[in-house]
1. Run down Thr351, Thr305 and say which single residue is surrounded by fewer than 17 Cβ atoms within 10 Å (Cβ to Cβ) and either at pLDDT below 95 or in contact with a strand residue (DSSP E or B) (Cβ under 9 Å, 6 or more places away or on another chain) (or both).
2. Inspect the stretch 259-267 for any residue being out of contact with any His (no Cβ under 8 Å at 6 or more places or on another chain) and in a strand (DSSP E or B) and give the result as yes or no.
3. Could you identify the single residue in Leu263, Leu247 that is in contact (Cβ under 8 Å) with a residue 24 or more places away in the chain and within 16 Å of Glu41 (Cβ to Cβ)?
4. Select, from Thr300, Thr351, the only residue that is outside the structural domain of Leu173 (by TED's automatic domain parsing) and assigned to a strand (DSSP E or B).
5. Identify, by number, the condition in (1) within 17 Å of the chain's Cα centre (by Cα); (2) under 21 Å from Pro77 (Cα atoms); (3) not hydrophobic (A, V, I, L, M, F, W, C) that Tyr224 doesn't meet.
6. Can you name the number of the only condition in (1) in contact with a helix residue (DSSP H, G or I) (Cβ under 7 Å, 6 or more places away or on another chain); (2) surrounded by fewer than 20 Cβ atoms within 10 Å (Cβ to Cβ); (3) in contact (Cβ under 8 Å) with a residue 40 or more places away in the chain that Thr60 fails?
7. Anything in the stretch 358-384 that is touching a residue at least 24 places away in the same chain (Cβ under 8 Å), out of contact with any Phe, Trp or Tyr (no Cβ under 9 Å at 6 or more places or on another chain), part of a helix (DSSP H, G or I) and not charged (D, E, K, R)? List them, or say none.
8. Could you list all residues from the stretch 24-57 that are among the small types (Gly, Ala, Ser) and either surrounded by 23 or more Cβ atoms within 10 Å (Cβ to Cβ) or free of Cβ contacts under 8 Å to residues at least 12 places away in the same chain (or both)?
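The values are calculated or read from the model by the stated rules, or taken from the named source; none is laboratory data. Source: prediction; values computed, not measured. Neighbour counts run over all protein chains shown; Cβ positions are idealised from the backbone, glycine included.
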Amino acid sequence: MENNNLLMIPGPTPVPEKVLLAQTKHPIGHRSPEFSEIIGEINDNLKWLHQTQNDVLTLTASGTGAMEAGIINFLSPSDRVIVGCNGKFAERWAELCEAFGLQTERVNAEWGEALDPETIREKLEADTNKEIKAVIVTHSETSTGVLNDLETINRHVKNHGEALIMVDAVTSLGSVNLPIDQWGLDVVASGSQKGYMIPPGLGFVTISEKAWGRYETAKLPKFYFDLGEYRKSAGKNSTPYTPPINLMFGLQTALQMMREEGLDNIFARHERNTQATREAMKALGLPLLAPDNAASRAVTAVAPTTVDAEKVRSVMKKQFDISLAGGQNQLKGKIFRIGHLGFVAERDVLTVVSSLEVTLRELGHENMTPGAGVAAANRVLAES
């Protein structure tokens, strides 16, 4: 059936009809009083979502642009930085740092495993001259479905005293509790096509006062991503450059929906969908890439051994019009990923699990009892 695709990937994520309709309105002037009121409402709701009193700056960019802005505004050439690397996006930040001439040290973990906070602690404690200027961590590693222990890593960074903590929260913001002010996180970046429930095109960065102090002496080149300009404009409920006005209409509506649902309910919904998905995969005899104690609330990575991961994705798309994500880099062809982030309901998870059962039977997967996946998911949802 045409136009009936169920998008179950970790981004872009499904968009509510209410948000889509908001985006169809005629544009208005981005320097008009009416648009300034919209920006003011958006900025207040972004602070609520980020659990911060600091400004949350909105950029016309993807999550990668938000991360680049978050890095280049507070560092200088040859600064020493640590980047936790256990997936595609973490490695991207290391490559970005290297592109800007930063002295980049990677703390590696196997793809599918969480970063070891002790390894980062040891590096920080050995830095008696306080040369490390930043620790960069991907909170939820989208490529592997791993949630890193940001709280513990941040505690070690705070004990160091000098280093900033910079966080890729692209698939964790809006899916798992991330108390930015309570933890004292310095730079946190995210993107619109994930937990925000709107299409790609907007990036978000929130910055601590400690980080703003570094801005005054940072010497990396910047122009469009000069966050000082965005901060000035945010104080006036404006933007330094022309924003995607209709995306802002959608963001306004999505944030209203999120406030109505409430943070605790949003996090609980993501937790239910995560556990239902994972228990269903176990019941179907499908190995999971990430362990239970480091499971992302945004995406579940499945590493089948009896069927081809790409054939699973192909049958799910052709027969059921359900889009699943594939593996990236060295995991290409070895895993498929089920997104359960943003505007995803329990109904969607059950639909995916039941369709996957049919797909597995068609592909000759025998290590399961028919209906076991749906039953396992139902047990989680009934008990939650």
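1. Numbers: Thr305 fails: either at pLDDT below 95 or in contact with a strand residue (DSSP E or B) (Cβ under 9 Å, 6 or more places away or on another chain) (or both).
The unique qualifying residue is Thr351.
2. Checking the stretch 259-267: not a single residue is out of contact with any His (no Cβ under 8 Å at 6 or more places or on another chain) and in a strand (DSSP E or B).
3. Answer to the check: Leu247.
4. One residue alone meets the criteria, Thr300.
5. It is condition (1) that Tyr224 fails.
6. Only one criterion in (1) in contact with a helix residue (DSSP H, G or I) (Cβ under 7 Å, 6 or more places away or on another chain); (2) surrounded by fewer than 20 Cβ atoms within 10 Å (Cβ to Cβ); (3) in contact (Cβ under 8 Å) with a residue 40 or more places away in the chain is unmet by Thr60, namely (1).
7. If the condition is that a residue be touching a residue at least 24 places away in the same chain (Cβ under 8 Å), out of contact with any Phe, Trp or Tyr (no Cβ under 9 Å at 6 or more places or on another chain), part of a helix (DSSP H, G or I) and not charged (D, E, K, R), then Leu360, Ala372, Gly373, Val374, Ala375, Ala376, Ala377, Asn378, Val380, Leu381 are the ones that fit.
8. Across the stretch 24-57, the qualifying residues are Gly29, Ser32.
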